Every structure is written in structure tokens, then in C-alpha cells.
Amino acid sequence: MKKNYLLGMALIASLSFYSCDKEVVYVQDGNGVESVADGAQIITLQVENGGDGLATRAGRPLFSAEAKQTIENVKLWICDNTGKKVVYVKEISNWNTDGSTVYTTGGHGRQTTIELKDADKLAAGTYQIYAVGYSATSDYDLTKVTEVKKTEEGEGKYTFSENMVLPIKGDATNKIGEEIFAGQMELTVEQGKGFKKPIVLNRQVAGAFAYVKDIPYMEGAKYLKLVASAQNQSLVLGNFNSFDLTGNGSGNGKNVKYVVNGTSGKADGSDTYVISTIDLNDWFTAIKDEDGDNLIDAGKNWKNPHRPSGSPAAGTYPTFQKGSAFGGEFVIPFAHVDGKQTLTLQLTNAGGKVLRSWKVNLGSTDEQLKQTITCWNSGSTDWSTSLSGESANTYSLVRNHLYGIGTRMNDEANPGKPGVDPDPDPKNPNDKPESLNNKQELVLKVNDNWEVIHGMELD
């Protein structure tokens, strides 16, 4: 199956500056330069794609490869050249409402402008700038982010530490992962010289989904489960890409990174861990095969479980090809386990007994198979671990890559007809559920402005 590439970018947050002898800062939002008054220092923070109201819990649900985000808060801080002393902190709440405004120049999304005045103004020197975008009711323990504060002189002064480890809360409803964005850049302010340099916030988690049709009928069938060989329980913010990715999964070339920024592994691969579960009763009125083709009946027996009752407004819920089923989640990245199939799709009964299974593989020409993966080393608390030996069956789930069974580019199966679940259309290149009929292996597809979209194969 050929790779499919996304058309947009889930998140771009850029900061650009221009300085002169009066420390004037100019901000660029994509095209052209916005002039400001002499002596001003202004930061324009931009986040592309402000969300669509689909979020139902912490973070947002994953319904497709569409590049978007629904973050609610952004925190930015600036450190001195040591990277330890915090000289400026800014928190933006209610990002998607009154915390920002819509922009359309050089892209689309929401932005806000921060002006550094008086004691906050930056003197000549080198700085590290960090920014994190997150959900207000996050399933991560964000204490290390929310407690970042300006360093004051004196005993007990605050010192910032890089490589924040964010564990999933013990009472979290979702223990697989949640979308979060972060980035970093080095900024050099030279007296009498100008500068202009971006900081980009990229997605810090991976994504995985199964979009399938022609589901085999088996007595007692209840669930389709996408399971993994490993699961991490903490996310590490560090070793950022901080590159302004384009093409939503394509055209990023050497700027693509392969990073496993997860830690606190649940086990060593002796068990499988459920990434997402499709309850077939949510998608079909009854699990039956009245026409005798050994597949669960579709047609009038199919339903869209995400369509609200009544007469919902088009665009407020996802649509799918009739007869299909979908399940997906954001995932804390994890390294492959030697000798273990990384992803498997399982058809089970209500008690969890596996009735049928499909191996989910990377395509034989996928670029990830050629890469050495950079991993967080929890023992030495650094990025010193390199992982090789990626294969079609045994591969890592890396940061900001999307791994999909089937092709689903948008939350709307047919964006031209919002709110309509279309009849099956094998010619639609952007919305093609994978058939499970007569398949033994599944092929994955990976991407926002995923860095890469991987097309997975069923075996």
C-alpha cells in the first residue's frame, strides 16, 4: 500500500524577533514583517488550527490523520545562557477563546502577542526559549510545567531543569497518551544587530488508528482491539525537533526525527497492551450475517456511533464510510521489543478471547526501517540510547508520527458533504477503510504536520 500524506499541519507556533541598538523587536507571522515602536520587544505566538469542538475529554479524540489541535493553555518561558535561570514567564489561559485571536496571514489558526516591557526586556546575550501547549484538564501530571517560575535572587531560588518527565496521573481516564505540544529554541540578542528566528511547537506523542471494513462474522464477536507489545506511562519533554514542518507528513526530508520520548515502561513485552478498542455493537445494530458471506452485515445494519441524536449541526461530529468501523488514540512513544510483533489487530468476544487476529506491519519500503531511533535513557536521564534493528514486524512508535490501518485524512469522510456518512467509494484516495476480508496481515500508514504518515499493512 502506498504512503499517504497529510495536507495540513497539526500545530505551528512560531516566535520571530528583530533587534537593533534600541532592542526593537519585529515579529513575522509568515508573510511580511510587522513593524513595532522603537524600544518594543514583542513575541507573537501562533498555533495553527484552533480546533473544532470535537474534544470530549482531556485533550482531543483522534478521528483521522487531519492536522489539528484543541490545546487550551500555552506556557512560555525564557532562560539565560545556562538554561537554568528563568528570566521571563508567560501563561496564556483559554487559548481557544479569549486567550488568542484568529489569524489568516501565512497560514490559519490562532495567535496572541506578548510584549516584553521594562524589567522584562531582554539584554544582549544568549537565551533558551521554551513553550508548551496543553489541555487544562490534562491526564498528564503537569506540575513540572505549571510550576516553572521566574528565578529570583537569594536562598532557595528556582532553577529550571530540562527534559521534564510527565507521568500519566493515577486516576486518569486515558492511560495510553494525550496530545501535547512543545518546542525550544536558542535566541542570541546582540547589541546593534537584528535577528529573526522561529520557535516551533510540535506534537510530542505518536498516534495509531484502525479504519476497517468487511469485518469477518464470528459467533460471539464483540470487539476489535489494536494491541501493542509495550506501553510507556510517562512522557519526556526534550530533544525537540522544533522545525516548522510542511506538507503534513510529506516533504520534510532530513528534518524528520525518529525519537522515542516515552519512559516508565509497563512491562518488557511479555504481554500485550490495548491502544484502542472498537465495540462492534456501537457500529452495527446487530452482529449478524444474514446474507451468508461470512462478514458482519452492513447496509441498514450499520450506524455512526459519533452522530449525536436529533439534528446535529454538520461539522460538529466525524463521519465515516458506511459499513466501516474506526478506533484510534494518541500514544506515548515506545521502543520496539526484540522478537515481538509491535502491533496486532484482534477480533475478540466479550470475555477477551481472541477469535481472529491480524499482524500490523510497516510497509517494506517505509523510511523508518532505515533509521536509528533516539531513545530517552531513564537510567542516566539523557538521550544517550540509540536503537537499531527496526523491521516490518518489530518497530518503534516514535514521536509525532501517525500509524494508521486504512486511509483517513479528515474527520469528515467527504469534506465536500459535511455531516453525511458516504456510501463506500473505492476511488476516494483520502478515505479508504482497510478490508479485513481474506487478510492475514495489516499494513500501517504513518504522520502531523505529522512529520511522517506511515501506511500499515495487514498480514
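The values are calculated or read from the model by the stated rules, or taken from the named source; none is laboratory data. Every value quoted in this text rests on a predicted model; they were computed, and no experiment measured them. Heads up, the Cβs are rebuilt from the backbone with ideal geometry, glycines too, and the neighbour counts pull from every protein chain shown.
Taking the numbered list (1) surrounded by fewer than 16 Cβ atoms within 10 Å (Cβ to Cβ); (2) at pLDDT below 85 in turn, Gln111 passes all entries but (1). Based on what the data block shows, is Ser364 modelled with pLDDT of 95 or more, more than 21 Å from the chain's Cα centre (by Cα) and over 16 Å from Val227 (Cβ atoms)? In short, no. Going by the structure shown, is Gly315 more than 30 Å from Gln368 (Cα to Cα), at pLDDT below 90 and either surrounded by 15 or more Cβ atoms within 10 Å (Cβ to Cβ) or hydrophobic (A, V, I, L, M, F, W, C) (or both)? Yes; evaluated as a whole, the condition is true for this residue. In segment 294-303, the count of residues that are within 25 Å of the chain's Cα centre (by Cα), more than 27 Å from Leu397 (Cα to Cα), exposed (fewer than 15 other Cβ atoms within 10 Å of the Cβ) and not hydroxyl-bearing (Ser, Thr, Tyr) is zero.
From Glu147, Glu179, Glu152, which residue is more than 30 Å from Thr263 (Cα to Cα) and at pLDDT 85 or above? From the options Glu147, Glu179, Glu152, the qualifying one is Glu152. Residue count for segment 405-423, restricted to those that are over 12 Å from Gln321 (Cβ atoms) and among the acidic types (Asp, Glu): 1.
Listed here are the residues, each with its yes/no results for (1) in the same structural domain as Thr126 (by TED's automatic domain parsing); (2) within 22 Å of Trp383 (Cβ to Cβ); (3) exposed (fewer than 14 other Cβ atoms within 10 Å of the Cβ).
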{"position": "Lys144", "(1), (2), (3)": "yes, yes, no"}
{"position": "Gly156", "(1), (2), (3)": "yes, no, yes"}
{"position": "Asn163", "(1), (2), (3)": "yes, yes, no"}
{"position": "Ile168", "(1), (2), (3)": "yes, yes, no"}
{"position": "Ala172", "(1), (2), (3)": "yes, no, no"}
{"position": "Ile180", "(1), (2), (3)": "yes, yes, no"}
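Across segment 54-100, the number of residues qualifying as on the phi > 0 side of the Ramachandran plot and modelled with pLDDT of 70 or more comes to 2.
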